[in-house]
1. Might you let me know whether the stretch 93-104 holds any residue that is outside any helix (DSSP H, G or I), more than 23 Å from K418 (Cα to Cα), modelled with pLDDT of 90 or more and not acidic (D, E)?
2. Which of the residues spanning the stretch 148-164 are outside any helix (DSSP H, G or I) and surrounded by 15 or more Cβ atoms within 10 Å (Cβ to Cβ)?
3. Kindly provide the set of residues from the stretch 355-392 that are under 24 Å from the mean Cα position of the chain (by Cα) and surrounded by fewer than 17 Cβ atoms within 10 Å (Cβ to Cβ), ordered by number.
4. One residue is enough: does the stretch 240-249 have a residue meeting the conditions within 20 Å of V319 (Cβ to Cβ) and charged (D, E, K, R)?
5. Restricting the search to the stretch 27-47, which residues are outside any loop (DSSP other than H, G, I, E, B) and in contact (Cβ under 8 Å) with a residue 24 or more places away in the chain?
6. On the basis of being in a loop (DSSP other than H, G, I, E, B), at pLDDT below 95 and of a type outside the set (A, V, I, L, M), does G88 make the cut?
7. Take the residues of the stretch 104-132 that are among the small types (G, A, S) and surrounded by 24 or more Cβ atoms within 10 Å (Cβ to Cβ): which is nearest to T78 (Cα to Cα)?
8. What single numbered condition from (1) assigned by TED's automatic domain parsing to the domain that holds A251; (2) at pLDDT 95 or above; (3) assigned to a loop (DSSP other than H, G, I, E, B) fails to hold for F392?
Amino acid sequence: MKTLFAVLSTLAMLVMLALPAAAIDIPSEVTLFRNVNIFDGQNEKPLEGYDVLVVKNLIEKIDKNIQLSNTYEIDLKTGGYKPITSGGMCDFTTTEPKVMVYEPEKMVKKEVKVNVIDGKGRTLMPGLIDAHWHVLFNSVPIPELLSSDFAHLTIVGMKSAEGTLMRGFTTVRDVGGNPFSIKKAIDRGIYPGPRIYPSGPMISPTSGHSDGRPYTAVPTEDPDALSYLERNAVLMRADGVAQMRLRVREALRMGASQIKISTGGGVSSLYDPLDVTEYSEEEVKAAVEEADNFGTYVAAHTFTDRATQMAINAGVKTVEHGFLLSEETLKMMKEKGVWLSIQPLLNDEDAFTFPDPISTAKWIEVTDGTDRVYSSAKKLGVKIAFGTDILFDPKLGPKHGKFLTKLKNWFTPYEALKIATSTNAELLKMCGPRDPYRGELGVVKAGALADLILVDGNPLENLDLVADPAKNFVMIMKEGKIYKNTIK
């Protein structure tokens, strides 16, 4: 009998796999924020004493004194394959046999309870966005990264993704690594974390920033011999136009929303001094063409004038880092509409640490240029994005918001918060049809995606509030779902 049950269960499973996707009746949430002061992500003057209604995953209405009963009627799609107890196609995971019956899809009205949150004059603002983040790398030391199996990196990355969300960063642009499984788990509600705009593995040439192989790895007999991290799409090398096209296409096939390449030396990598230029213009043009064929863009890791100007001439849309750039290159970026995705990294109490003196020396050289480039870029009107590039240290993640406060060196609190919300959202949306999250981000307005933070205080007056999200972020919402609420 057990054998018969096993056979029938297998047949039932095979039949179910062949059925079309079913509509699912997902419990929806309706939240009403009362009496909040709104920083909408765009305007310096807040809206004071307003209510905000969130229905499912969107901001439905912003007004004063929104009137609602204890319940709210919303539209839900029902139908699809549903189990009923009967004879027929059996589900032997339960004690009672069930059959799967198809009900035609239809829209129905359903009353749901309204979750009312009294803001008591607190500040409601958009969820924060980090435009330069590494889901896999931010809390793993370099030796561990280079010696761990991919499953370990994924588990650690998923755990750190939860911390990212709980610091109020509801969206990140991952510019190097393989976060695709983590992204799927987050998007499907399996585990909490931010929205992820993934680049897939950063691509560099041999001896470039993504060449994480040991010193003894050369000469390479097979030109396509891949290291362990390359086989798992964590890092990637590409040499020559043909191989560049292949690797870009592979990243897009995996689901990259934009492409990240390295055109100059890096700090954490040992075999590429900062002054080198990685790739020829023809190779970069190949990457740009392939990305453009998919309706998206290429971001370039680069520090120096030569490497950056070459990348811009080849068509890249964002310069990641750029700490050593001159005004000449910044003017070129302004003229061509190229973004500066720079990070407020300083050689201070929050400095990154490295296990070798080579990277330490490069870190000092890079951070010596931070103040000059920020000041020049702002003066020239270059489009500036905010990211942190927090790497290789589990103690730095909890300082995520503190890195945002370092923008006070060059910007007002309003300017800093605008960059970390609506301005960063503008950058994310450059991926066009490859956008994995359709809808408006980084703003508090009717119709926008409901990624919201309720702050105990006014960050437009005191930016330091974002440095302690555990204390000052009393409510964190992503996609209309509340992940934190400490309001009594």
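1. So in the stretch 93-104, the residues outside any helix (DSSP H, G or I) come out as 93-104.
So of that shortlist, the ones also more than 23 Å from K418 (Cα to Cα) come out as 93-104.
Now restrict to residues that are modelled with pLDDT of 90 or more: none.
No, because not a single residue in the stretch 93-104 is outside any helix (DSSP H, G or I), more than 23 Å from K418 (Cα to Cα), modelled with pLDDT of 90 or more and not acidic (D, E).
2. Selection gives S148 alone.
3. Listed by number, the list is empty, since nothing qualifies.
4. No, because not a single residue in the stretch 240-249 is within 20 Å of V319 (Cβ to Cβ) and charged (D, E, K, R).
5. Of the residues in the stretch 27-47, the ones outside any loop (DSSP other than H, G, I, E, B) are 30-38, 47.
V30, T31, L32, F33, R34, N35, V36, N37, I38 - these are the residues of the stretch 27-47 that are outside any loop (DSSP other than H, G, I, E, B) and in contact (Cβ under 8 Å) with a residue 24 or more places away in the chain.
6. Yes.
7. Filtering the stretch 104-132 down to residues among the small types (G, A, S) leaves 119, 121, 127, 131.
Still in the running and surrounded by 24 or more Cβ atoms within 10 Å (Cβ to Cβ): 127, 131.
Numbers: G127: 31, A131: 37 Å.
Step by step, filter the stretch 104-132, then rank; the result is G127.
8. Among (1) assigned by TED's automatic domain parsing to the domain that holds A251; (2) at pLDDT 95 or above; (3) assigned to a loop (DSSP other than H, G, I, E, B), F392 violates only (2).
The values are calculated or read from the model by the stated rules, or taken from the named source; none is laboratory data. Please read all numbers here as calculations on a predicted model, not as lab measurements. Heads up, the Cβs are rebuilt from the backbone with ideal geometry, glycines too, and the neighbour counts pull from every protein chain shown.
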